[in-house]
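Take a look at the structure below.
The values are calculated or read from the model by the stated rules, or taken from the named source; none is laboratory data. Since this is a predicted model, take the numbers as computed values, not measurements. Glycine gets a Cβ as well: all are built from the backbone with ideal geometry, and neighbour counts include every protein chain shown.
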Amino acid sequence: MYFPDYRPRRLRKNKDFRRMIRETQLSTDHLVMPLFTVHGKGIKKEIGSMPGNYQLSVDYLVGKAKEIFNLGIPAVLLFGIPEKKDEFGSEGYAENGIIQTALRSLKEAVPDLMVITDVCLCEYTSHGHCGIVVDGEVDNDSTLEVLANMALSHVEAGADMVAPSDMMDGRVAEIRKILDENAYDNIPIMSYAAKYASGFYGPFREAAESAPQFGDRRSYQMDPGNSDEAIREVRLDIEEGADIVMIKPAGHYLDIILRVKQEFQMPVAAYQVSGEFAMIKAAEKLGWIDGERLMMESLLSIKRAGADIIITYFAEEATKILNAGRG
Ligand code: PBG
């Protein structure tokens, strides 16, 4: 059908026609809110480059979690900032580590809020890398055991799902194995399957105090130029036992989300990362864009590309708009 028989504008002429034929809907059901927690009491420290996001001590974290739960957001993704860092990231799997402590409080106060934990060494190591460093290099195989222990300790403390974000080869299998051996075969793994070495993580490294002290993450995170490699990475994680596969960042990697969804009919998550959030906030502050509109458009686009789940610092703000019927 061609013009003048087909006139696409006919179905755009008013709100109700547009509403009726809209193919993608955004819903709170699919949103996950990342949160950062620190040791101490009464701490609520705003992250400069991520307005509205804070490092929270556990007492405040619990309050925030209640708000999130009451809004109807199904899950939070928890990051911890330890008191002490060492070469091996040992606070990451300590009984009284920050995540373990936070999990126990969250599960007591808001038992029905799903808590997903990020499993990675970079917040816990003195060098800031996501694995154990041997002779100046991030050593893959010796890191696997540490990651597995960390995942197990999160689950023992109450995590509903673990999300390994380190990009070591073979870690999903190692985590699946240790969970199964400890009778946690019902706990799912959401793997950061195609995680790119991205400049968009800048503000997060301030939030989590996890910038690498030497070198960068290019020897384990993916090269932004690659797309076939993302398919291989995702396939590996699925074969090793991942239940949900994640693409990260989201907004500039919509092609990857689409390809992964088409190739593997698996639940796909996309992480709209700190830099994506910060850019919208910064431009809004300058008065250059309509922040609310860009927030909703960016989330809708990620959904349209094929993401089932969106991890986003906008989860709370977007939910308030959706709940008010302004989605
Ligand atoms: C830990 C981790 C990072 C992010 C999530 N988990 C940082 C990194 O890999 O450097 C980034 C999240 C964001 O930017 O919002 N490995």
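General remarks:
- Helices (runs of 4 or more DSSP H) enclosed by the range 250-327 - at least 1 residues per element that are within 15 Å of the ligand (Cβ to nearest atom): 274-285, 291-305, 315-323
- Within the option set Ala197, Ala157, Ala208, Ala173, being buried (at least 16 other Cβ atoms within 10 Å of the Cβ) and under 18 Å from the mean Cα position of the chain (by Cα) holds for one residue only, Ala208.
- For Gly131, the conditions (1) in contact with a Leu (Cβ under 7 Å, 6 or more places away or on another chain); (2) within 29 Å of Pro111 (Cβ to Cβ) are fulfilled apart from (2).
- Any chance Ser219 is away from the ligand (no atom under 13 Å from the Cβ) and more than 18 Å from the chain's Cα centre (by Cα): no
- Per-region count, the range 216-238, residues under 27 Å from Asp135 (Cα atoms) and touching a residue at least 40 places away in the same chain (Cβ under 8 Å): 6
- Evaluation of Asp237 against (1) of a type in the set (Asp, Glu); (2) crowded, with 22+ Cβ neighbours inside 10 Å; (3) within 15 Å of the ligand (Cβ to nearest atom) (one fails), failing number: (3)
- Considering the conditions (1) at pLDDT below 95; (2) within 22 Å of Ile116 (Cβ to Cβ), Leu61 is excluded by exactly one of them, (1).
- Figure legend. Inter-residue proximity from the range 22-37: first residues over 30 Å from Glu209 (Cβ atoms), second residues within 16 Å of the ligand (Cβ to nearest atom), beta-carbon distance below 7 Å, spacing 6+ or different chains. Indicated pairs: Leu26/Leu299.
- For Pro203, the criteria (1) over 17 Å from the mean Cα position of the chain (by Cα); (2) within 11 Å of the ligand (Cβ to nearest atom) hold in every case but one, which is (1).
- Residue match in the range 202-218 (condition: outside any loop (DSSP other than H, G, I, E, B) and touching a Pro at 6+ places or on another chain (Cβ under 7 Å)): no
- Unmet requirement for Gln265, which otherwise passes all of (1) more than 22 Å from Ser165 (Cβ to Cβ); (2) surrounded by fewer than 16 Cβ atoms within 10 Å (Cβ to Cβ); (3) in contact with a helix residue (DSSP H, G or I) (Cβ under 8 Å, 6 or more places away or on another chain); (4) without any contact (Cβ under 8 Å) to a residue 60 or more places away in the chain: (3)
- All of Ala157, Ala197, Ala211 fail the test of being touching a Lys or Arg at 6+ places or on another chain (Cβ under 7 Å) and more than 13 Å from the ligand (Cβ to nearest atom), apart from Ala157.
- Number of residues in the range 166-194 that are within 16 Å of the ligand (Cβ to nearest atom) and either more than 11 Å from Lys248 (Cβ to Cβ) or in a strand (DSSP E or B) (or both): the value is 12.
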